[in-house]
Structures are given as C-alpha cells and as structure tokens.
Amino acid sequence: MKSHARVAIVGGGIMGVGLLYHLALEGWTDAVLIEKGELTSGSTWHAAGQCPHFNSSLNLTKVHVYGTQLYPKLEELTGQAVSWHGCGGLRLATTDDEVDWFKYVYGISRLAGYDCEIIGPNEIKHYHPFLDPFGVKVAFRTVHDGHVAPADVTNAMAAGARKLGAEIYRRTRVTDIKRLPTGEWRIVTDQGDITAEHVVNSAGSYADVVGRWTGHHVPIANMLHHYLITEPVRELIELASELPVVRDPYSHAYLREETNGILIGPYETATAHVCWDGQPPSWDFESELIAPEVDRLMPWLGKATERLPLFESAGVKSVISGAITHTPDGTYLSGPAPGPRNYWMHCGASIGICQGGGAGKYLAQWMVHGQAEINMREFDPRRFGNWATKDYTETVSVADYQHMYYCYKPAEQHPVGRNLRVSSIHETLKARGAQFSQIFGWERARWYDTSGKGETYSFRRSNWWDAVKAEALAVRERVGLMDLSTFSKFEVKGRDAFTFLDRICANRIPARDGGIILGHLLNANGFIESEITVTRLAPEHFYVLSAATAQLHDFDQLAWRRRLDEKVEITDVTDAYGTLVLAGPKSRDVLAACTETDLSNAAFRWLTGKETVVAGVRGVRLLRVNYVGELGWELHCPMAEMPRVLDALLAAGRSHGLALFGTYAMNSLRMEKAYRGWGSELTAEIDMVEADMERFIRLDKPDFIGRDGSLLKKQRGPRMKLAYLAVEASDSDCAGNEPVYVDDRLVGLTTSGAYGHAVKKSLAFAYVDPALAIAGTALDVLLLGERRRAVVLPEAAWDPRNERLRA
Ligand SMILES: Cc1cc2nc3c(=O)[nH]c(=O)nc-3n(C[C@H](O)[C@H](O)[C@H](O)COP(=O)(O)OP(=O)(O)OC[C@H]3O[C@@H](n4cnc5c(N)ncnc54)[C@H](O)[C@@H]3O)c2cc1C
C-alpha cells in the first residue's frame with residue numbers, strides 16, 4: 001500500500017469507484033480507493049440497476065444522461081462487460097398536476113438532450129401490451145432508459161481506473177481520519193496509514209460514522225428497500241424485445257422485466273422505516289441482505305397486480321431487501337464538507353447506480369479544475385447545516401422515501417422536520433397568516449393568507465395570486481415590511497480586513513465608513529462563487545451578508561481565501577441578528593416615527609448604513625439598500641429585540657397602509673428591477689460578463705482573485721449572455737430551466753421568472769446565444785408544454801434609473 005497519494009477515497013461502492021475512474025480520466029492517477037470488503041459489497045451489489053432519465057432538475061438530469069450514455073460504452077472503454085439493457089421507460093401520470101410536471105420535465109429533456117415523448121393512454125399498449133392503463137392520463141416515454149448489472153458497471157469503472165494508474169485496496173478498513181498540521185489528511189487503516197492531500201467519504205451506509213471521525217455530521221438515513229423477482233413468465237419469454245421499465249404512482253413501484261420474469265420494487269408509505277434502528281451496520285456486514293418485511297409490501301403488490309395483471313400468476317423467485325442511503329432532500333451529497341479544505345463527501349445516493357458515473361465525473365471536475373461544468377449547488381453537502389440533526393435527517397428522509405412517486409408541486413414541502421430555525425417574530429407573522437417555506441432550516445414567509453385556507457399548490461398561478469399582487473403593489477405604492485432574518489451574516493474584523501476583502505472581491509470595497517457595496521467572490525477562472533453585500537461599519541470592521549442557503553458555503557469562501565499572514569477574524573453572526581426589510585415610498589415616514597436618526601437624503605444616502613437606535617433598541621444596523629427596488633432600509637436588529645422593532649414599525653405604518661410581504665412578492669419585485677439571484681442567474685459555471693454584471697468587476701484594481709480569469713473571459717467573449725425577457729404567459733410564469741427557441745433552434749434556457757404586478761408583465765431571465773441578448777429580439781419560451789412569445793427588454797421594467805432608490 002502506498003504511504004502517500006493525492007486523493008484517498010474511502011468506500012468501493014459505485015459512488016467511490018465512479019469518482020476514482022473519473023479522477024483518473026482527468027489525469028489525477030495518483031488516487032487510491034480503500035474498501036473494507038470487496039468492491040460493491042455495501043448497497044451496490046444488490047441494487048435493481050435501473051437508470052432513468054426523468055427528473056425535474058436539469059443538473060441531476062445531466063448526471064443521469066451521462067451515466068446512461070457511458071454505461072453502454074464501458075465495455076469498449078475498459079474491456080469489461082456491463083450487461084446494459086436499453087429497454088426504455090414509461091412513467092405514468094394519473095393527475096393533472098402530474099401532467100403539468102411531465103410538461104415541465106419535457107422542457108428539461110430538451111436542454112439535457114435525451115429522447116422522450118409524452119404519449120396518451122391508448123399508445124401505452126404499443127410499448128407495453130401487458131400494462132392496464134386505468135386512470136392514466138399520459139405517460140412520459142423515455143427512449144434510452146435502461147438497467148445495468150450494478151456490480152459489472154462498478155467493476156468496469158474500477159478496471160478503467162486501474163488501467164489509468166489508480167490503485168484499489170480491497171479488504172482494507174479505514175479506522176480513522178486525522179487532519180495534519182500540513183493541511184493533509186492521514187487515513188488510518190488496518191493495513192497501515194496513507195497521507196493524502198484530499199480525502200473523500202464514499203462510505204455509503206457508514207458515511208456518518210466515517211464523517212464523525214473528523215467532526216462532520218453526514219445527513220443520511222439508511223432506508224430499508226425491497227424488490228422482488230418472479231419466475232419466468234410465458235408471455236415474457238415469447239416477447240421479441242424487452243419491455244420498458246414502468247414507474248407507476250398508483251402502485252408506488254417500478255415494474256420491469258428481469259430474465260423473463262417480473263421485477264417489482266414498491267416504495268411503501270406508512271410502513272417505511274430506517275434499517276438497523278437508525279444505527280450504522282456492523283463493520284463485518286458485507287454482501288448481505290437484511291431480513292425482508294414482505295407484509296409491508298402487500299398493499300403495494302396488490303396495486304401492482306392491478307397495473308400489471310401478469311404478475312398475479314407468477315411465482316416469486318427471490319426477494320431482495322437492503323439499505324438504500326437517503327438524504328432529506330433525496331439528492332446525494334457531493335462536494336466539499338464544511339470546514340478545512342479538501343475533505344469531500346460523495347455519498348447519500350438513493351439512485352446511485354444511475355448516478356454513480358455522472359456524479360463521479362462532475363465531482364472529479366470540481367476537484368481537479370476547481371469547478372464543474374454543471375452547477376453543483378444542489379449536490380453540495382453544505383446545503384445542510386447543523387440544524388439537519390440525526391432526528392431531522394431520519395424523519396425527513398423517511399418522508400422523502402414515502403413520497404418517491406408523489407408529485408411535489410413548486411413550493412410544496414414535506415410537512416415534517418419543520419420549525420427548526422425561526423426568527424423572534426415568527427409567531428406574530430404566523431398569526432397574520434404567513435405561509436412558511438423552509439429554507440436552510442429557517443421558516444420564511446412566502447405570502448400572507450387571510451382566508452385561513454393555506455396554499456393550493458400548483459404548477460400554475462394559484463390561490464396566492466391576489467394576495468401577492470396586493471403585497472407587491474403595497475411596496476410599490478405605499479410601504480411593505482418583510483422578515484428576511486434568513487440572510488447569512490458575517491463579521492469581518494481586524495487590521496487586514498479591508499485589504500483582505502478588497503483582494504477577494506471583484507468590486508471595490510468602500511473606502512469610507514458606512515459605505516455599502518455588492519461584491520462577488522470569483523474563482524481563479526473568473527466564475528461566480530458567491531455574491532455578498534459588504535457594509536463598512538468601521539475601518540477594521542465589515543458586516544457581510546449573503547444568501548440564506550449560502551451560510552456554510554460562503555463562510556468557507558471567506559475563510560479559505562484568507563492568507564495565513566492576514567490579520568482577519570471572520571465570525572458567523574447569522575443567528576444573532578434578525579432582519580426586517582422596510583421598503584416603499586412611505587418607508588422614510590414610517591421609519592422616522594421610530595428613530596431619531598436623520599433619514600433625509602443628504603444625511604442618509606442610498607448604499608450607506610449606520611448602527612443606530614430604533615424603537616429604543618440599540619445596535620440596530622440600518623442599511624439603505626434592498627432587493628425590491630424602492631426607497632427603503634434593511635434593519636438588522638439584535639434577534640431578541642426584533643419584536644419591539646416590529647411592533648413599532650407596524651404601529652407607525654398603520655396610517656400609511658403598511659403591508660407585510662413575503663418571498664413571492666419579493667421575487668416579483670426583484671424581477672421588475674432585473675436584479676439577478678445567486679444560485680439562479682449567478683452560479684459557478686457563469687462569469688460576470690455572461691451575467692451582464694461587468695459594472696461590478698473593477699478590472700482597474702491591480703489584483704483580486706479571479707481578475708486574470710475575468711480578463712481572459714472578456715477577451716474570449718461570452719459563450720452565452722443573460723437576457724431579460726417579457727413573456728406572453730397566461731396562467732403560469734417561468735420557474736427556470738425552460739428551453740428558449742428561435743423557430744426550432746434551441747438558443748438558451750430561462751433561469752428564473754415571476755409576474756411583475758406593477759409593470760403588468762410576466763418577466764424572466766434567460767441565458768441565450770449572445771447575438772440574441774439584444775433589446776427587441778423575439779424568442780419563444782417553452783412554458784409547461786406551450787410555446788410562449790417573449791421579447792428581450794432593454795432595461796429593468798421598473799425604475800431603470802434607480803430614481804426611487806435614491807429618492
Ligand atoms: C434494494 C435496492 C434496490 C436499488 N435499486 C436501485 C436502482 O434500481 N437504481 C439505482 O440507481 N439505485 C438503486 N439502489 C440504490 C443503490 O444501491 C445505491 O444508491 C448505491 O449502491 C450507493 O452506492 P455507494 O457507493 O454510495 O454505497 P455502497 O455501495 O454501500 O458503498 C460503500 C462502500 O464503502 C465501504 N466502506 C464503508 N466504510 C468503510 C471503511 N471504514 N473502510 C473501507 N471501506 C468502507 C463499504 O464496505 C461499501 O462497499 C437500490 C438500493 C437497494 C437497497
């Protein structure tokens with residue numbers, strides 16, 4: 001065994017091996033993989049091996065597409081057969097919401113480039129003569145779905161990795177991982193130690209145990225999952241070609257052919273539970289099954305028989321029951337763990353056979369090149385904070401498993417695992433009808449419902465429409481108040497705080513106390529990692545704000561960029577401050593009634609801030625800035641004191657018609673102002689020129705991280721450009737990832753959208769061919785299956801000169 005390696009991967013299931021292979025393909029051949037048993041002896045060996053394409057996430061779809069294209073070629077690439085069955089797939093829809101979902105996913109398929117069609121119930125028989133299509137409205141037919149032998153595909157990638165020079169140590173158990181003062185990692189095994197620059201946790205069901213050695217909690221639950229296989233069935237033996245894999249929401253199951261028999265795997269609802277009472281398996285658990293619980297499958301098997309009557313007379317040959325790793329949001333973890341650099345997670349996959357190839361490819365890109373060609377945010381382990389406790393993880397993972405075949409509508413979330421992080425005014429807002437969404441553990445109001453009925457979730461405009469219109473217009477015409485305590489908040493202090501921030505930000509850091517700027521942290525290639533708002537409170541004291549979901553990500557971005565010789569202290573103060581957004585033409589009058597601070601334009605200019613007293617509360621950070629494009633202030637109050645500030649503002653606002661507003665209205669207002677969003681328009685595969693954000697990069701600064709990369713990007717010219725669109729929508733607005741066309745030519749994709757109530761337009765952002773990002777250009781957006789005409793707008797639809805902000 002080597003004593004040093006560039007990368008050490010713990011775990012030889014499909015996730016670890018897929019990564020090893022792709023690291024080697026990227027040229028990192030000084031990589032080793034350590035497996036306590038034989039390769040695939042965890043969850044991988046007994047998986048059913050299905051590889052679907054259907055998915056609502058464009059990035060995850062790209063992962064799936066890569067796998068289904070790679071696996072049939074692996075034999076040619078590695079010399080090892082993988083028994084790929086490209087039988088296609090049929091996913092059934094039984095409700096109108098599912099039909100809408102399928103139309104949205106069809107748009108994703110155009111962007112990700114896989115063959116599919118939506119077919120009517122009568123056409124199903126053509127592809128699957130034995131299926132009873134009762135209750136089916138449509139089916140989503142994917143042409144190149146398939147299934148593969150999980151052990152074969154893993155061993156083929158292992159063979160490929162070995163050929164390129166990577167090493168695999170089987171029958172070697174990692175017993176500890178330690179961080180060394182050099183920043184490297186010591187991987188302690190029962191066969192000796194290895195020192196590595198990078199360590200990857202791909203330990204499957206053991207990932208949390210392995211993580212805890214270095215203080216990382218890995219939010220995965222091991223769910224017990226079954227499928228069963230019948231004896232060969234005469235009708236299937238006689239078939240000339242293999243039937244497509246069926247995914248059926250009625251029986252909550254996948255149904256396919258397996259060696260002329262039927263394979264059925266139901267996702268049970270009420271009876272689903274974690275394995276081993278929530279404990280990890282013992283270290284000697286290897287290539288074993290877990291005792292099956294067939295009783296709990298019976299109701300679902302009954303339904304599966306109704307869907308596929310052939311099943312009734314077939315004798316069951318085997319029942320496979322094993323642990324399937326699951327995260328609370330159902331998506332695997334792949335990316336840096338929070339904290340010290342070069343500890344990576346690559347685990348938690350519940351569809352890991354399909355995802356192992358693509359997940360490995362994109363993480364390898366991230367490790368080797370500092371970024372991947374797809375947006376990795378939805379896989380980044382730092383999307384879960386320490387609020388994602390073991391209890392939370394298990395409860396929500398069980399719920400997610402139970403809803404495997406449920407159609408979640410936009411904004412609909414699991415009702416369990418809630419109220420983990422609430423601001424100090426949560427109850428007051430709840431009493432006023434706040435409809436909360438969970439974001440990074442926080443409860444944040446989407447809109448205010450006075451009917452008491454709650455939201456009717458839909459892919460289309462729904463019962464929130466009138467309320468949100470009233471909230472948005474209140475901000476435009478009078479004054480609105482929002483709880484935005486979910487901001488991530490950091491303090492950057494110390495002798496070198498200014499030079500540090502100036503060195504890491506593309507924009508210039510304010511030279512005077514009270515100045516506020518919008519800054520971007522770029523990677524060395526010039527792509528956008530983070531968007532932050534920096535307020536200079538004192539020469540050596542800065543207050544930094546960023547997106548709620550970026551709390552761990554942006555703390556790392558700040559901490560990782562600090563040089564050892566820089567005297568800078570970075571502190572996360574997210575929970576210490578609550579944030580109220582007061583915005584609208586009457587906001588000055590309302591705020592003036594609650595503070596002695598001079599709020600006149602001369603004394604308190606736009607993009608400045610100061611610490612002051614509001615409603616008798618000291619230490620309120622008053623920032624004249626907002627994301628809705630109106631005269632207004634953000635009030636960052638000591639969290640415990642925020643109720644006092646809220647009461648005072650509500651009282652002062654009464655005579656001005658103050659209204660509470662939520663994120664739906666905020667999204668509508670920011671779209672009217674053409675404000676980009678981190679995570680939608682601003683992502684790590686986009687540079688500042690493409691995002692049309694050049695005014696925020698100061699290339700005249702002698703140096704900052706990403707300056708050279710940005711210059712190169714500028715010389716090269718954008719691959720695509722952000723366009724701001726007015727869309728002829730009717731009962732739904734762009735959500736992001738809708739394809740954009742000129743005639744039949746695919747020219748781009750939307751990133752987000754909303755209806756602008758003040759400007760009476762449905763608005764969207766889209767990355768398009770640069771030649772088309774020109775005002776007046778006509779495009780088509782495929783919105784829930786219908787082509788909608790869109791035109792590129794020349795400037796923000798609302799107040800393009802920022803006159804209201806400066807008022
Ligand atoms: C019944 C069933 C059916 C399934 N069907 C499908 C399907 O049809 N399609 C699909 O895509 N997915 C399916 N899955 C899911 C799939 O099996 C998993 O997503 C996938 O196998 C996870 O791979 P992994 O590499 O993360 O984990 P594993 O395969 O469990 O690999 C982790 C490895 O790490 C090793 N390890 C752990 N700790 C250490 C240590 N300290 N030292 C050394 N080695 C260590 C383990 O021995 C193990 O081999 C199914 C799962 C089940 C249970």
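The values are calculated or read from the model by the stated rules, or taken from the named source; none is laboratory data. Computed from a prediction, not measured in an experiment: that's the story for all the values here. Cβ: placed from backbone, ideal geometry, glycine included. Neighbour counts: every protein chain shown. Accessible surface areas use protein heavy atoms only, side chains included; no ligands, DNA or RNA. Shrake-Rupley method; radii C 1.70, N 1.55, O 1.52, S 1.80 Å.
Span-like helices, the chain: DSSP H, alpha-carbon axial extent 15 Å or more, mean Kyte-Doolittle 0.0 or greater, which ones?
On the way: long enough: 14-25 (16 Å, 1.86); 58-70 (18 Å, 0.20); 96-112 (24 Å, -0.34); 150-164 (22 Å, 0.05); 352-369 (25 Å, 0.12); 390-402 (18 Å, -0.96); 465-477 (18 Å, -0.03); 551-561 (16 Å, -0.95); 642-653 (16 Å, 1.07).
Span-like helices in the chain: 14-25, 58-70, 150-164, 352-369, 642-653.
Using square roots of five times the C-alpha gyration tensor eigenvalues, list the equivalent-ellipsoid semi-axes of the stretch 627-724 in whole Å, biggest first.
Working from the Cα gyration tensor, I get semi-axes of 38, 17, 11 Å.
Classify the stretch 1-90 from the C-alpha gyration tensor, please: rounded if a/c falls under 1.5, else prolate or oblate depending on whether a/b exceeds b/c.
Prolate shape, in that a/c is at least 1.5 and a/b is the bigger ratio.
Hey, what's the stretch 734-791 come to in accessible area per residue, 1.4 Å probe, Å²?
Computed with neighbouring chains in place, this is 37 Å² per residue.
Test of understanding: what is the full-extension gain from residue 110 to residue 190, defined as 0.36 nm times their sequence separation minus their Cα-Cα distance? It would help to have the intermediate numbers written out before the result.
Details: separation 80, 0.36 × 80 = 28.80 nm, distance 4.93 nm.
Computed gain between residue 110 and residue 190 is 23.9 nm.
Express the carbon and sulfur contribution to the solvent-accessible surface of the stretch 456-588 as a percent, rounded to the nearest whole number, probe 1.4 angstrom. Write out the running numbers ahead of the final one.
On the way: 2370 of 4540 Å².
Summing carbon and sulfur atoms, their accessible area is 52 percent of the total for the stretch 456-588.
Output wanted: per-residue J couplings in Hz (rounded whole) for the stretch 763-774, from phi through Karplus 6.51 cos²θ - 1.76 cosθ + 1.60, θ = phi - 60°, x for Gly and Pro.
So the J values, rounded to whole Hz, are 10, 8, 9, 8, 8, 9, 3, x, 5, 9, 7, 10.
Count the net charge of all other residues whose Cβ sits under 11 Å from the Cβ of residue 214, scoring Lys and Arg as +1 and Asp and Glu as -1.
+3
Exactly which GluC sites (Glu not before Pro) in the stretch 581-673 are in a DSSP loop and have at most 10 other Cβ atoms within 10 Å?
596
Rounded to the nearest 5, what % of DSSP beta bridges with both residues in the chain are antiparallel?
85
Give a residue-ordered list of calculated ³J(HN,Hα) values for the stretch 409-422 (Karplus: 6.51 cos²θ - 1.76 cosθ + 1.60, θ = phi - 60°; whole Hz; x for Gly, Pro).
The phi angles translate into 7, x, 6, 6, 10, 4, x, 8, x, 9, 6, 7, 10, 10 Hz.
Please report the relative contact order for the chain, taking Cα pairs under 8 Å with a sequence separation of at least 6, and give it as a percent rounded to a whole number.
Contact order relative to length: 12 percent.
On a full-extension model of 0.36 nm per residue, what is the gain between residue 572 and residue 461, subtracting their alpha-carbon distance, rounded to one decimal in nm?
36.2 nm is the gain from fully extending residue 572 to residue 461.
Going highest first, how would you order 443-455, 613-625 by mean Cβ packing within 10 Å?
613-625, 443-455
Could you tell me the center-to-center distance, by alpha carbons, between the stretch 717-754 and the stretch 116-169 in angstrom?
Cα centres, the stretch 717-754 to the stretch 116-169: 30 Å.
Let me know the shape class of the stretch 604-655, please: from the alpha-carbon gyration tensor, a ≥ b ≥ c as square roots of the eigenvalues, rounded when a/c is under 1.5, otherwise prolate if a/b is greater than b/c, or oblate. Could you put the intermediate results ahead of the total?
Numbers: a/c = 2.03, a/b = 1.25, b/c = 1.62.
Oblate shape, in that a/c is at least 1.5 and b/c is the bigger or equal ratio.
Near residue 773, within a Cβ-to-Cβ distance under 11 Å, what is the net charge of the other residues, with Lys and Arg +1 and Asp and Glu -1?
-2
Out of residues 5 or more away from residue 660 or on other chains, whose amide H comes under 5 Å of its own, with H placed 1.01 Å from N in the peptide plane?
The answer is 481.
Can you give the alpha-carbon Rg of the stretch 570-633 over 2.2 N^0.38 Å, where N counts its residues?
Numbers: Rg = 12.0 Å, N = 64, 2.2 N^0.38 = 10.7 Å.
Compactness ratio reported: 1.12.
Just name one of 631, 484, 250: the one whose Cα is farthest towards the positive end of the charge dipole of the chain (beta-carbon charges, Lys/Arg +1, Asp/Glu -1).
So the residue we want is 631.
Which cross-chain or sequence-distant (5 or more) residues have an amide H under 5 Å from the amide H of residue 751, H modelled 1.01 Å from N in plane?
737, 765, 766, 767
So how far, in whole Å, is the C-alpha centre of the stretch 457-508 from the one of the stretch 524-570?
So the separation of the two Cα centres works out to 17 Å.
Would you mind getting the Kirkwood hydrodynamic radius of the chain from its Cα pairs, rounded to one decimal in Å?
Taking every pair of different Cα atoms in the chain, averaging 1/r and inverting gives 28.0 Å.
So, by mean Cβ neighbours within 10 angstrom, what's the order for 770-778, 705-713 with the highest one leading?
705-713, 770-778
Hey, can you find the accessible area per residue of the stretch 317-426 for me, probe 1.4 Å, expressed in square angstrom?
Computed with neighbouring chains in place, this is 30 Å² per residue.
Compare the Cα positions of 474, 604, 308 along the charge dipole of the chain (+1 at Cβ of Lys, Arg; -1 at Cβ of Asp, Glu; about the Cα centre) and return the one farthest towards the positive end.
So the residue we want is 604.
Relative to the present Cα-Cα distance, how much length would full extension add between residue 654 and residue 411 at 0.36 nm per residue of separation? All intermediate terms of the calculation are to be shown ahead of the outcome.
On the way: separation 243, 0.36 × 243 = 87.48 nm, distance 3.04 nm.
Net length gain for the segment: 84.4 nm.
Just to confirm the filter: which chymotrypsin sites (Phe, Trp or Tyr not before Pro) across the stretch 247-333 are DSSP coil and have at most 13 other Cβ within 10 angstrom of their Cβ?
When the chymotrypsin sites (Phe, Trp or Tyr not before Pro) of the stretch 247-333 are filtered for loop state and at most 13 Cβ neighbours within 10 Å, 283 remain.
For every other residue with a beta carbon closer than 12 angstrom to the beta carbon of residue 350, add +1 if it is Lys or Arg and -1 if Asp or Glu, then tell me the sum.
Charge balance near residue 350 sits at -2.
Quick one: what are the phi-derived ³J(HN,Hα) couplings along the stretch 193-202, Karplus 6.51/-1.76/1.60 with θ = phi - 60°, whole Hz, x for glycine and proline?
Rounded to whole hertz, the list is 9, 10, 9, 9, 6, 10, 10, 10, 8, 10.
Enter the accessible area per residue of the stretch 250-305 (Å², integer; probe 1.4 Å; all protein chains in place).
I get 44 Å² per residue for this part.
Calculated FRET efficiency, residue 593 and residue 430, Cβ-Cβ r, R0 30 Å, to nearest 0.05?
Result of the calculation: an efficiency of 0.70.
If contacts are Cα pairs under 8 angstrom and at least 6 residues apart, what is the relative contact order of the stretch 99-239 in percent?
Reported relative contact order: 11 percent.
Isolated Cys in the chain by the 4.7 Å beta carbon test?
87, 116, 275, 347, 407, 505, 594, 637, 734
Explain nothing, just the number: dipole magnitude of the stretch 435-565 about its Cα centre with +1 on each Lys and Arg Cβ and -1 on each Asp and Glu Cβ, in debye rounded to the nearest 20.
I would put it at about 220 debye.
Could I get the Rg over Rh figure for the stretch 87-176? Both from C-alpha atoms, Rh via Kirkwood, rounded to two places. Before the final figure, lay out each step's value.
Values: Rg = 20.0 Å, Rh = 16.4 Å.
Rg/Rh for the stretch 87-176 comes to 1.22.
Percent of accessible area on the stretch 6-132 owned by carbon and sulfur, 1.4 Å probe?
Solvent-exposed carbon and sulfur of the stretch 6-132 make up 46 percent of the total.
State the answer as a single residue: which of 545, 420, 210 lies farthest towards the positive end of the charge dipole of the chain, with beta carbon charges of +1 for Lys and Arg and -1 for Asp and Glu, about the Cα centre.
The one lying farthest along the dipole's positive direction is 545.
Could you look at the stretch 702-786 and say what percent of its accessible area is carbon and sulfur, using a 1.4 Å probe and all protein chains?
After summing per-atom areas, the C and S share lands at 51 percent.
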